[in-house]
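**Student:** Here it is: the structure, laid out below.
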Amino acid sequence: MSQSNKMWGGRFAAGPSEIMQTINASLPVDRRMWREDLAGSRAHAAMLLDQGIVGAEDAAAILAGLDTIEEEFERDGPPSDLALEDIHMAVESRLAELIGPAAGRLHTARSRNDQVATDFRLWVRGACREAAEAIVRLQSVLVARAEEHAETIMPGFTHLQVAQPVTLGHHLLAYVEMLQRDVSRFFAADERAGECPLGAAALAGTGFPIDREATAAALGFERPTGNSLDSVSDRDFALDYLAAAAQCSLHLSRLAEELINWASPPFGFVQLSDQWSTGSSIMPQKRNPDAAELVRGHSGRIVGLFTGLMITMKGLPLAYSKDMQDDKAPTFEAHDLLALSLAALAGSVESAAFKPARMREVAAQGFATATDLADWLVREAGVPFREAHHITGRAVKAAEDAGCDLADLPLETLQAIDARLDSNVYDVLSVEASVNSRTSHGGTAPVRVREQVARWKALLDL
């Protein structure tokens, strides 16, 4: 049986059991928030001084001690002693060792409940901004490759069946659009986390004449939180971050899946760099897209972490419950997985060797210009689209029976299907003609792809 905890043990005659100490301690997890804890403590100490709650001599000693702790933690990292419970107690304990009883004045008018809520919000806001920056790096790579392949023809798929020809540049820009929505979600999560819980104390506020606006401003928050109960019990900001991370990971998984498919010999659209591939222990010919596969796998873990914290929070009464100590581990893990995934995909796409000839070959398969034939009938012969669709279906069947593509069907065969088809129809039956014709806003035509590349380069300041 260990001694009673010096920070809170006055009520207890004996300390916690070894198992209780282990299950209760969060220091191995929350020690990564030491910078945020020091920032919150500095802001709180400065406010206590300004409000006359703590004297100038004690405040100076506290702030000097926090500076020393910062130097130590930067050099050696924060401690891992489970007896210290969490990063907040670790800082306060070390401060007491450095400056003596004056350290005890720092906790005036605050609780670990509002302290951890503040530290965690600060960390999550930083994580939101970090994620947005990493997403922009991936977007930049995608835009660069899209510009390079603005005219590279590839098959567009629906149901994983060849549908219509598109350009590789257009395909890559689709992910830029997805990722921009992820950026907006992280920005929104950051904005919603912009209220400061510090000063809510344990749950009811405090009788000391504190200035919550001052501490909020000092820590970069827009305002203090409005309800002390909600302040210490809210973890929506962590769920917002995890929700954004989960959605982003789904987009990353989709891109990873495409790279995995495209790198397989049946597709043959891309060769991934040796830097982002691995080999087989038994099959020397293998080049496995393991980085992309791990990104795809990470998405499941991130979604699970989001789900886990939602379940933890779903039935908690106000205000703080110890269950909420399990909020940081999933958030930190999701952060690490997302950062790895974003970096791995940026490297994979940047170094990928695309195979335009193979893409062009497959784009011409599967009667990918059938819609262009139907559109020609509508545009040139005034045929209603549903009738044109039926005529084109007969032409596809004829090509299928003949074992050729639509562009290779003799004119007499086409005219036997419908007399309104003439030799001009061959102008729209190549994949190049099909791609170049898709000039509507947001379309795949190279001229539109280049416009979108220019737009994104301006937006991303490339």
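**Student:** Looking at the stretch 15-30, can you tell me whether even one residue there is surrounded by 17 or more Cβ atoms within 10 Å (Cβ to Cβ), closer than 27 Å to Ala200 by Cβ, at pLDDT below 95 and touching a Ser or Thr at 6+ places or on another chain (Cβ under 7 Å)? Break it down into steps so the answer makes sense when it comes.
**Tutor:** Just the residues of the stretch 15-30 that are surrounded by 17 or more Cβ atoms within 10 Å (Cβ to Cβ), to begin with: 16, 25-27, 29-30.
Adding the requirement that they be closer than 27 Å to Ala200 by Cβ leaves 16, 25-27, 29-30.
Those left that are additionally at pLDDT below 95: 16, 25-27, 29-30.
Filter again for touching a Ser or Thr at 6+ places or on another chain (Cβ under 7 Å), leaving 16, 27.
Scanning the stretch 15-30 turns up at least one residue that is surrounded by 17 or more Cβ atoms within 10 Å (Cβ to Cβ), closer than 27 Å to Ala200 by Cβ, at pLDDT below 95 and touching a Ser or Thr at 6+ places or on another chain (Cβ under 7 Å).
**Student:** Could you check the stretch 318-347 and list, in sequence order, the residues that are in a helix (DSSP H, G or I), among the hydrophobic types (A, V, I, L, M, F, W, C), more than 17 Å from Gly297 (Cβ to Cβ) and open to solvent by 20 Å² or more (accessible area, probe 1.4 Å)?
**Tutor:** At the first step, the residues of the stretch 318-347 found to be in a helix (DSSP H, G or I) are 322-347.
Restricting the remaining residues to those that are among the hydrophobic types (A, V, I, L, M, F, W, C) gives 324, 329, 332, 334, 337-340, 342-346.
Subset that is more than 17 Å from Gly297 (Cβ to Cβ): 324, 329, 332, 346.
Matches in the stretch 318-347: Ala329 only.
**Student:** Restricted to the stretch 192-219, and to residues that are without any contact (Cβ under 8 Å) to a residue 24 or more places away in the chain and out of contact with any helix residue (DSSP H, G or I) (no Cβ under 8 Å at 6 or more places or on another chain), which residue is surrounded by the fewest Cβ atoms within 10 Å (Cβ to Cβ)?
**Tutor:** Initial filter on the stretch 192-219 (without any contact (Cβ under 8 Å) to a residue 24 or more places away in the chain): 205, 207, 212-213, 216-217.
Next, from what is left, pick out any that are out of contact with any helix residue (DSSP H, G or I) (no Cβ under 8 Å at 6 or more places or on another chain): 207, 212-213, 216-217.
Details: Gly207: 8, Arg212: 22, Glu213: 14, Ala216: 23, Ala217: 15.
If we take residues in the stretch 192-219 being without any contact (Cβ under 8 Å) to a residue 24 or more places away in the chain and out of contact with any helix residue (DSSP H, G or I) (no Cβ under 8 Å at 6 or more places or on another chain), then Gly207 is surrounded by the fewest Cβ atoms within 10 Å (Cβ to Cβ).
**Student:** Which is within 20 Å of Tyr426 (Cα to Cα), in a helix (DSSP H, G or I) and not aromatic (Phe, Trp, Tyr), of Ala374, Ala368, Ala357? Full working, then the answer.
**Tutor:** Details: Ala368 fails: in a helix (DSSP H, G or I); Ala357 fails: within 20 Å of Tyr426 (Cα to Cα).
Matching residue, one of Ala374, Ala368, Ala357: Ala374.
**Student:** Hey, another quick one. Is it the case, given these coordinates, that Leu414 is in a helix (DSSP H, G or I) and touching a residue at least 12 places away in the same chain (Cβ under 8 Å)?
**Tutor:** Criteria met by Leu414.
**Student:** So, Ala134, is that one in a helix (DSSP H, G or I) and open to solvent by less than 10 Å² (accessible area, probe 1.4 Å) or not? First the steps, then the outcome.
**Tutor:** On the way: in a helix (DSSP H, G or I): yes; open to solvent by less than 10 Å² (accessible area, probe 1.4 Å): no.
No: the conditions fail for Ala134.
Let's see how each residue does on (1) at pLDDT below 95; (2) within 30 Å of Thr152 (Cβ to Cβ); (3) in contact with a strand residue (DSSP E or B) (Cβ under 7 Å, 6 or more places away or on another chain); (4) assigned to a helix (DSSP H, G or I):
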| residue | (1), (2), (3), (4) |
| --- | --- |
| Ala188 | no, no, no, yes |
| Ala204 | no, no, no, no |
| Phe208 | no, no, no, no |
| Leu229 | no, no, no, yes |
| Phe237 | no, no, no, yes |
| Leu250 | no, yes, no, yes |
| Ala292 | yes, yes, no, yes |
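The values are calculated or read from the model by the stated rules, or taken from the named source; none is laboratory data. These numbers were taken from a predicted model, which means no experiment stands behind them. Positions of Cβ are backbone-derived with ideal geometry, glycine not excepted, and every protein chain shown enters the neighbour counts. Ligands, DNA and RNA are stripped out before the accessible areas are found, and what is left, the full protein with its side chains, is counted by its heavy atoms. Shrake-Rupley method; radii C 1.70, N 1.55, O 1.52, S 1.80 Å.
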